[in-house]
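K.L.:
One structure is given below, represented as structure tokens, and several questions about it will come after.
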């Protein structure tokens, strides 16, 4: 009561007119980013955008299900497999778009703010490394966007007003130019050795070189078809392989370990997750786990889809990668009965063979432990074999790297003197990429850059069932309708044909 | 009741509520008529006439100090027996001055009553003072205690429904204690509050704060106004136009509701006890659903359409599993499992009285209202103390204290989330072949534990039975108002007070419930607290000038400061070793999440003034202005000024009018114009701030911060400009009276979450952009139709229209989309804001019919664009609005208008002897409702149950038709808002029928009065709406603009109430 009377007295006779707004529960940016520790929080915020919802729920629709070898039970996902999707699809497309740009915005904030600072001579390398990491993450997101959507708006500074929030599209070539510039900066300024402790798994020089090599390889393919980039890819990936010890990269002896162990030497980049911390667990195992399978968590998986039997059968029986990639049989989590694909009512043909790369029996609903694999070292070997074939033909070196990957997986090796043509060898690599890297976010990028979209449509069971006929527009996804509606600079135009 | 007291009280208030008072007086007059035959002694006769010499039929003649009296007949004659020669007769007639005459030595008393301009007037409570209704230049509607008392409600806002023109009240949820949306003259604001400012005894309430249900869906807040016991309210005045509301400046744009609570009167203590017992019953109007066998048959039918064999075939497979035939399945009627009749009990004890220096009014109330969903219940305890003290000749003090505690056991019905959907929606769609205690999905034919959308079977019965789901609210309001008389006519007023609210939301989902199963039990324990402090000082000055004091001036001016602090704490814990302790021991949960908390302050400082001038009660002028400064706006936009002006001309007071004043007793023109504001934004939005964005690296959580909003350095007030012209009319001394208003409101600088391209990294920014227009016409019309000795019939009707239109939505007028009806499955928005269209128009695809055989060419290729390549015959046929040959999001269009064409209320009071009957009819006409339930229940989804009406009429090979209400089976892919689920939501409701009997009491056994009442509420509803009740608004509450959506709404109970009112 005293407080009220005091308040009343003060206000009645001295006028309470101080209307400055006080901020209690939030941090104000005006006095932030002043130490390397502050600066690091700006980077962590970029990682946060890749958390639950993006790679486990949304991204698989755009990247995974259009693979030649995938069934899906879920109608909105089917629409990506059979290309009946529209720009109005609300579940996957807007999430990928929004979260990628959220990451880009946060990277722009970090770059813009930290470039202005100086933390002292002793901290200069650290400061530049933080900027480099933001640039690597920005390049990573633009690389995804340009491959998924083609020409997209390309903010490189954080907007502070409505006008800056609306940007027209940038050409594909210019986006790649920006990506290369960012990665070159990252390649120079990131730490040059494997990170440890609280920074374990975050990009280093080798990560930047790997991504730059991948970018060059992609530019050499469709839609740019920039042949000059193939030798650059060849050289850049070679740098990664030759200096792998520098960054702690290597091929593990066991394929299963490479898939299951977090932050192992083979992981070049992964989105790190933890079951134990709210909103930091992935729902990958839950969404994509087989029905009634405890590896999808304590209630079983939602079983959104799986692989075709043809794909399963295409592996050599000795190939350990087959059963790490998918689970043809597993136990019912309540009854303990063995469930086998197509032999049990729960596992119908058109639902596919459940994936087995992500599983977490301990998770509750959507909070899984597994880190999401984005880039693995074996991809570097396959990319190098591919680049070698493109630059020098199917040389022994090309066979050597391909066979290294196959042998580790338990598959037979190819005879280097097999006399395959360059085209035939290219096919071998293409197939190998599915065997080695399925469900690791390469599918749609590979079929697009290699001109395989039409072929994939002729194989993908959902597309076959729907009678989908290839159209050129299928080389890109439509930009989400919300962007078209809100961004006047797009003039209401989506990608051609969408 | 002693007549003396009664009269004194009435006269003290001097016609404040003439009709009500008069009615009551008559009541007693009639009541006593019956008694006076026992005590005949001396008879007085006479005639009562008016100044023009015309007889006044129906005038009351009462013996002063007694309850004995009579009425004049048609010729103005009366006859009354008196026992005491020293008695005094009191002559009363509505609209005339009271006259007293001693009977000493007389047997004939003729009286001429003089018209009393004062008593024709109600007194209307306006901001910072009162005004006579006849002096008003603005538009103000009033509802009296009597109108509120007649409806047994939890909260007074529900009793206002249909009572005043221009005021539309929609119950957001029919759960006991459910919230309402109040809109006065349409909706002005997109972002925030369209609710009026509520002022209780001079205290402007802050925006409601309530603990939220956090991650468990957008479940609605409870009723924000139920902390006031409706029977403590004396009057409600609704300020509508700018002239009336501008004194509240930045908070006046949505209108102002001014509540005055009761106070004690001079005299001995009066005690009254008021008890109500009611039964809340399950309403009719639930559509029939499929029984078990039909449901199973439909599954096989669907299977057949997919080219699969029926599996309910009565055969045993190689594993020895028997598959039963459809007819072997039983049926659970899930609605029966969740609904029951409830009891409502209420008891109010009131003590009031006072001396010359001080008066008191003390009231306590306990209310318990069981809902018709099992286990839902609203409980309130409330105490109010109003004190008036005359400290000295110059200083008086007025104190109001109200404490209330509400416990609301809830159901989450209509919370609009499929994964966590409420029991009503679950009961509609639940598999009818499951037993009432079935916990999980069975592995039925295709092993579907869940639909492809991931929905689990949730047993609605167990959901209600097992889930703890409560909201607790504690409200305290203390308000002190002091008045010093400095000079004659000059008062200095100080108001100071505070309001505090503590709110708690506890939910526990046990491991056996649908929501708790995945997480092995889940508890939410959320708190919100709000402390609001107010201090105001203002001067009031009254002066009459000139010859015969023909110039009257009334000035008010002052300063106000209001400070508001809100705190929140939200916690969530999962994985409980036992379900036994629920939210009482969240610490035993094994998986706790980091709690979140916040503290936000907001202050408003204001200077205001008002001047009223009138010349000979003929010409009126009012000027009002308020300058408001608020913390929530950008640093260079803190202050806004809100002026208004109004003029009035009472033609009937002109000399030239006197000739017809016997017919037209009042004729007044009013016109007003002004600007009011709305600070519809949450705090901190003009600033750039960083939000937490932590992420895991190496299994450790690392701190991350990122800008969580785009700052807007120019954020300022919303401004609503309103013009109003009005006409007040009365005929035959007020026997028929009417008031009409036409208004035009334009809101500019609309505060909006302006959508940004997501490529900016944000989805929206709050900015001042856009404008909305509301215009409408209101009329209220009343009549004392029959005024005979024994029988009286008073009626009044109000009718209002409001047309709103969005004029602009910012620089490129991009559409603004509302929330989707459900968080995870019906994901496209159901409402839109689009330039040129009405506010919150319903939005979605247009269904032009059903796909027919004729829509395919000879090769089986579709000749029409298909939605999702669905070629099923009898599927919904989507209209290709943009005619580009394919169905895309661009084909969505406006498919309905949730705003009514007009609303009305019609009230009738019949009185016969000691009986009275109130019949109240209320209607909302011309609004559309989107019945999202039909997407699940009338679409052929075989994982959900369906409506029998759909089943019987559905499109099949043998029943081909084009009625989009009854598509064929297999519509799984079409869970999107569209026109086939939009229906006319018009309704006319017999809202209230109240029957009262005043028990005649003889002798003084201590009981002063006794009234028995029987009230039926929501007795009949006339509508073509196919859902249970057309008054729905599941997306209402929490200051959101979407409306007209039905989605598993809590059904509206019918209530039958027996009331007993005893006075001592």
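K.L.:
Whole Å is fine, so just give me how far the alpha carbon centre of the range B:192-243 lies from that of the range B:662-735.
P.N.:
Rounded to whole Å, the Cα centres lie 15 Å apart.
K.L.:
Something else now. Tell me the label-point distance for the pair residue B:107, residue B:580, using the 7 Å Cα-to-Cβ offset, in nm and rounded to one decimal.
P.N.:
Placing both labels 7 Å along Cα→Cβ, they lie 9.0 nm apart.
K.L.:
Rank by packing, highest mean first: peptides B:42-50, A:181-189, with packing defined as the count of other Cβ atoms within 10 Å averaged across residues.
P.N.:
Taking the mean over residues of other Cβ atoms within 10 Å, the ranking is A:181-189, B:42-50.
K.L.:
R0 = 56 Å: FRET efficiency of residue B:997 with residue B:660, Cβ-based, nearest 0.05? Walk me through the numbers before you get to the answer.
P.N.:
Values: r = 42 Å, r/R0 = 0.75.
Rounded to the nearest 0.05, the efficiency is 0.85.
K.L.:
Expressed in nm to one decimal, what extension gain is obtained for the pair residue B:777 and residue B:725 from 0.36 nm per residue of sequence separation less their Cα-Cα distance?
P.N.:
17.7 nm
K.L.:
Another question, if that's okay. Using Cβ contacts closer than 10 Å as the measure, can you line up B:979, B:500 from fewest to most?
P.N.:
Going from sparsest to densest Cβ surroundings: B:500, B:979.
K.L.:
Averaged over B:926-935, how many beta carbons belonging to a partner chain fall within 10 Å of each residue's beta carbon?
P.N.:
The mean count of partner-chain Cβ atoms within 10 Å per residue comes to 0.
K.L.:
Round to the nearest 10 and give me the degree value, 0 to 90, for the angle of helix B:18-33's Cα axis relative to the longest principal axis of chain B.
P.N.:
Helix B:18-33 and the main axis of chain B meet at about 70 degrees.
K.L.:
Continuing with this model, one more query. Angle, helix B:3-13 long axis vs. longest principal axis of chain B, Cα atoms, 0 to 90°, nearest 10?
P.N.:
Orientation of helix B:3-13: about 80 degrees from the principal axis.
K.L.:
Pop a pseudo-label 7 angstrom from the Cα along the beta-carbon direction at both residue A:427 and residue B:863 and give the gap in nm to one decimal.
P.N.:
4.5
K.L.:
Given the peptides B:588-596, B:610-618, B:190-198, B:689-697, arrange them by the average over their residues of other C-beta atoms within 10 Å, most packed first.
P.N.:
B:190-198, B:689-697, B:610-618, B:588-596
K.L.:
Sorting check: for B:100-113, A:97-110, which peptide has the highest mean count of neighbouring beta carbons within 10 Å, and how do the rest follow?
P.N.:
The most tightly packed comes first, giving A:97-110, B:100-113.
K.L.:
Modelling each spin label as a point 7 Å along the Cα-to-Cβ direction, I'd like the residue B:596/residue B:345 distance in nm, to one decimal.
P.N.:
4.1
K.L.:
Shifting gears a bit: What is the gain in length, in nm to one decimal, between residue B:318 and residue B:83 on full extension, counting 0.36 nm per residue of separation less the C-alpha to C-alpha distance?
P.N.:
Here the answer is 74.3 nm.
K.L.:
Using the beta-carbon distance between residue B:884 and residue A:469 and R0 = 22 Å, what value does 1/(1 + (r/R0)^6) give for FRET efficiency, to the nearest 0.05?
P.N.:
With a Förster radius of 22 Å, E is 0.75.
K.L.:
Distance from the Cα centre of the range B:316-331 to that of the range B:873-938, in angstrom?
P.N.:
First find each Cα centre; the distance between them is then 44 Å.
K.L.:
What ranking of B:1041, B:649, A:293 emerges when the number of other C-beta atoms within 10 Å of each C-beta is taken as an exposure proxy, fewest first?
P.N.:
The fewest-first ordering by Cβ neighbours comes to B:649, B:1041, A:293.
K.L.:
Something else about it: For A:292, B:950, B:906, A:136, what ranking results if the residue with the fewest other Cβ atoms within 10 Å of its Cβ goes first? List each step's numbers first, then the result.
P.N.:
On the way: A:292 24, B:950 21, B:906 18, A:136 28.
Going from least to most buried by this count: B:906, B:950, A:292, A:136.
K.L.:
Work out Dmax and Rg for the protein assembly as shown from the C-alpha atoms and quote the Rg first, both in angstrom.
P.N.:
According to the Cα coordinates of the protein assembly as shown, Rg and Dmax are 37.6, 143 Å.
K.L.:
Among DSSP beta bridges lying fully in the protein assembly as shown, give the percent that are antiparallel, nearest 5. Write out the running numbers ahead of the final one.
P.N.:
Working: 386 of 397 bridges.
Of all bridge pairs located within the protein assembly as shown, approximately 95 percent are antiparallel.
K.L.:
Estimate the FRET efficiency between residue A:344 and residue A:396 by the formula 1/(1 + (r/R0)^6), using the beta-carbon distance for r and 45 Å for R0, to the nearest 0.05.
P.N.:
Numbers: r = 47 Å, r/R0 = 1.04.
The value I calculate is 0.45.
K.L.:
Helix B:292-305: angle to the longest alpha-carbon principal axis of chain B, degrees 0 to 90, nearest 10?
P.N.:
Compared with the principal axis, the helix lies near 50 degrees.
K.L.:
Summarise the partner chain shielding of B:865-871 as one whole number: the mean count of Cβ atoms from other chains within 10 Å of each residue's Cβ.
P.N.:
Details: counts 0, 1, 2, 9, 8, 2, 0.
Average neighbour count from other chains, rounded to a whole number: 3.
K.L.:
Taking beta carbons within 10 Å but only from partner chains, what does the mean come to for residues B:686-692?
P.N.:
That works out to 6 on average.
K.L.:
When the Cα centres of the range B:273-310 and the range B:134-170 are compared, how far apart do they sit, in Å?
P.N.:
38
Read-outs: derived from the displayed coordinates by stated rules, not from any lab. Just so it is clear, the model here is predicted, and its values are computed rather than measured. Glycine also receives a Cβ, built like all others from the backbone with ideal geometry; neighbour counts cover every protein chain displayed.
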